[in-house]
1. Restricting to DSSP H runs of at least four residues, report the calculated mean residue ellipticity at 222 nm for the chain, -39500 (n - 2.57) per run over all residues, nearest 500 deg cm²/dmol.
2. If you project the alpha carbons of the chain onto the principal axes, what extent comes out on each, in Å, largest first?
3. Which helices count as membrane-span-like in the chain under these terms: full DSSP H, at least 27 Å along the axis by C-alpha, Kyte-Doolittle mean of 0.0 or more?
4. Taking the Cα atoms of region 11-50, report the difference between the largest and smallest coordinate on each principal axis, in whole Å and largest first.
5. May I ask which residue of Ile73, Asn84, Met31 lies farthest towards the positive end of the charge dipole of the chain, with charges of +1 (Lys, Arg) and -1 (Asp, Glu) on Cβ and the Cα centre as origin?
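Taken together, the values in this text are just the output of simple stated rules run on the coordinates, not laboratory data. Quick caveat: nothing in here was measured; it's all calculated off a predicted structure. Reconstructed Cβ throughout: ideal geometry from the backbone, glycine too, with neighbour counts over all protein chains shown.
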Amino acid sequence: MGRTFAWLFHRLTGIILVVGLLYHFHLMHFMGHDNYSYEAVMKRLADPAWKTFNIVFLFSALYHGFYGLNGIITEYIKSNFLKNSLNVLVFILPLVLAFFGVKIVFF
């Protein structure tokens, strides 16, 4: 059950990333040049809906990317010591990145 949920969540985060990226691309490239000024970005980040969008996008990117990296490590690394070391890194690094990402969005 755990691996099935992880696999399904990996697919779900991929869909979230595609939709979020398309929306971001549309907003930044087709809605006018004033959308990516400092003032426009700060105004968007003051809105709770944008904060939610950014947090969901952040966690989706972190989960999707590091789950995929974990799959590559599991598949191709043969040394148990190296595999375990990289798995620890793949567990800790997204937590650190999530901390700083949340800090940026909320503070």
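1. -31000 deg cm²/dmol
2. The Cα atoms of the chain stretch 51, 26, 24 Å along the principal axes, largest first.
3. 2-30, 48-76, 80-106
4. Over region 11-50, Cα extents along the principal axes are 35, 23, 11 Å.
5. The listed residue farthest towards the positive side: Asn84.
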